[in-house]
Structure formats: structure tokens, C-alpha cells
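Working notes, structure below.
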């Protein structure tokens, strides 16, 4: 049996705390499963947590998010598409393509 050591950054801890706040006792089982998949159990989870954390503060478009996070634009765009398909973000301004959270967190 081998042990896997997982490095957890300060951001990961804050992100998991955010997911924990979003998934409270009154949340349905389906929503808890969706959030765990989107933010914890998938490869893009940490990136999506970073995106949601930034969108909690202000509206940003994909280019602004990629600059702020130092990530590839295509990766940001893909993660925004995933979040949008699951109704977690909306476009707030069609002119600049800024995104906002569609849920209260």
C-alpha cells in the first residue's frame, strides 16, 4: 500500500471552506453532489474555485480572469462554460462579456 501525499495550498483551504459554506445542511443531495464534482472531485475544481472566489468580489470577463489568475484564456473559458452550464455563473454585461455569480455566496 502506498500513501499519497497531497499538498494543500492556502487557497485550496479557503476554496474548500467556500464550498462548505455553499453546501449547507439544508441543501439538496443533488446540489451537494454537483458542487463536490465541480469543485473537489474534478481536475478543474481548483481553477473553478479560484474563478468563483474572484467573481464573488467583482464582475470579470474571461480575459480579466486569465490575467488575474495567471492562467491560459482557453482554460478559463472552458471552466466558465462548465460553471455556466451548471447555472453557477451568468454573463452580466453582454458588451464586455463579464461574468457574475448567479447564486448567493
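Report those helices (runs of 4 or more DSSP H) wholly inside segment 6-92 carrying at least 3 residues which are at pLDDT 95 or above and exposed (fewer than 12 other Cβ atoms within 10 Å of the Cβ).
Values: elements: 10-22, 29-39, 45-57, 62-69, 73-85.
The helices (runs of 4 or more DSSP H) meeting that bar number zero.
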Counted residues, segment 38-63 - those being more than 12 Å from the chain's Cα centre (by Cα) and under 11 Å from residue 76 (Cβ atoms): 4
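The values are calculated or read from the model by the stated rules, or taken from the named source; none is laboratory data. None of the values given here were measured: they were computed from a predicted structure. A quick note on method: Cβ atoms are made from the backbone with ideal geometry, for glycine too, and the neighbour counts reach across all protein chains shown.
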